[in-house]
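What follows is a short report on a single structure.
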Amino acid sequence: MKSNALASLLVGAVLVCALTMAWLSINYFFSMRDLQKLQFQYLSMNNYRSAVQSLANEAIEYSKRNPAIDPILYQFEIKSRPATNAAPPPRPGAR
Amino acid sequence: MPRPLLAPAPDSMNPTDPQGDLLQPRASSGPAASVAELQMRYEQLQTIFIVAMIAFVIAGLSTCLFMAKQWRIVRAQVRDQRPTVQKMTYEYQRTSEKLIRDFTAELQKFAAQNRDFQPILERYRDPLRPYFLPSAPNPPSAFPTAAPPAQR
């Protein structure tokens with residue numbers, strides 16, 4: 001009889017373990033999904049940024065052959081405007 | 001050589017099988033002996049069952065502990081990264097996204113007039129697909145989680 005009680009107790013412990021495991025697995029799954037979503041967002045932003053940066057670099061290279069693209073590059077401050085020889089006008093309050 | 005009269009006669013008539021008598025049911029084992037043997041086997045089986053259950057409990061507890069630790073690590077990572085990524089996403093949507101869209105739109109306009117720039121732009125159509133929307137005045141957010149990719 002003592003063995004039967006011990007066996008029942010152990011079966012109950014196994015059942016509790018299995019239920020706890022299922023609960024932990026579900027929580028782990030949802031947390032992992034959240035983490036993957038965050039990482040995907042972060043990677044997407046980085047990928048877009050690096051793609052645009054690469055496109056800008058190619059546009060700069062292209063501008064060496066065709067300067068007609070320069071206004072776009074100046075507009076988005078991808079390429080610095082060429083320095084002018086004329087001195088900047090003096091500020092009104094400057095001495 | 002004659003066999004002595006008081007010597008026990010072999011049960012089997014096959015003299016080449018010396019262990020044949022071991023396989024035969026013993027004449028002396030009655031119902032009480034069978035019950036005792038069954039009892040012994042039952043107790044052995046019960047012991048094995050209990051040992052197996054103890055092993056299951058130990059394995060289950062260990063796995064539970066491992067899983068709980070992993071869950072806590074992942075939950076902490078999510079809690080740490082969520083505000084940062086949300087802030088980055090907000091900043092990205094507020095500043096970079098508009099710049100990228102305007103820049104690609106300008107380049108598309110330029111490529112329409114300068115065909116030699118078209119191949120360069122085409123190489124970036126796939127990586128920047130959400131920003132290559134066809135001449136819509138105010139396209140929806142191009143962030144991949146918020147908007148589906150544009151259809152050609």
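Please report the net charge: other residues with Cβ closer than 13 Å to the Cβ of residue A:60, K and R +1, D and E -1.
-1
I'd like to know which of B:85, B:68, B:56 lies farthest towards the positive end of the charge dipole of the range B:33-131, counting +1 on Cβ of Lys and Arg and -1 on Cβ of Asp and Glu.
About the Cα centre, the residue reaching furthest to the positive side is B:85.
When the Kirkwood radius is taken over all Cα pairs of the range A:14-72, what Stokes-Einstein diffusion coefficient follows at 4 °C and 1.567 mPa s, in µm²/s?
84 µm²/s
Using only Cα atoms, locate the centre of the range B:98-125 and the centre of the range A:1-53, then give the distance between them in Å, rounded to an integer.
Their Cα centres are 45 Å away from one another.
Sorting B:106, B:37 on the 10 Å Cβ count, fewest up front, what's the list?
Fewest to most other Cβ atoms nearby, the residues stand as B:37, B:106.
Could you work out how far helix A:2-65 tilts from the main Cα principal axis of chain A, as a 0 to 90 degree angle to the nearest 10?
Once rounded, one gets 10 degrees.
For the range B:33-131, with only Lys/Arg (+1) and Asp/Glu (-1) charged at the beta-carbon, what is the dipole magnitude about the Cα centre, in debye rounded to 20?
Its charge dipole is roughly 460 debye.
Based on Cβ point charges of +1 for Lys and Arg and -1 for Asp and Glu, what charge dipole magnitude is obtained for chain A about its Cα centre, in debye rounded to the nearest 20?
Rounded to the nearest 20 debye, it is 280 debye.
Quick one: divide the alpha-carbon radius of gyration of the range B:48-114 by 2.2 N^0.38 Å and tell me what you get.
That ratio works out to 2.45.
Report, in deg cm²/dmol and to the nearest 500, the calculated mean residue ellipticity at 222 nm for chain A, where each DSSP H run with n ≥ 4 adds -39500 (n - 2.57) and the sum is divided by the residue count.
-27000 deg cm²/dmol
Of A:28, A:44, A:56, which is farthest along the charge dipole of the range A:2-75 in the positive direction, counting Lys and Arg as +1 and Asp and Glu as -1 at C-beta?
A:28
Throughout, read-outs are computed from the coordinates displayed, never taken from laboratory work. These numbers come from a predicted model, not from an experiment. All Cβ positions, glycine included, derive from the backbone under ideal geometry; neighbour counts span all protein chains shown.
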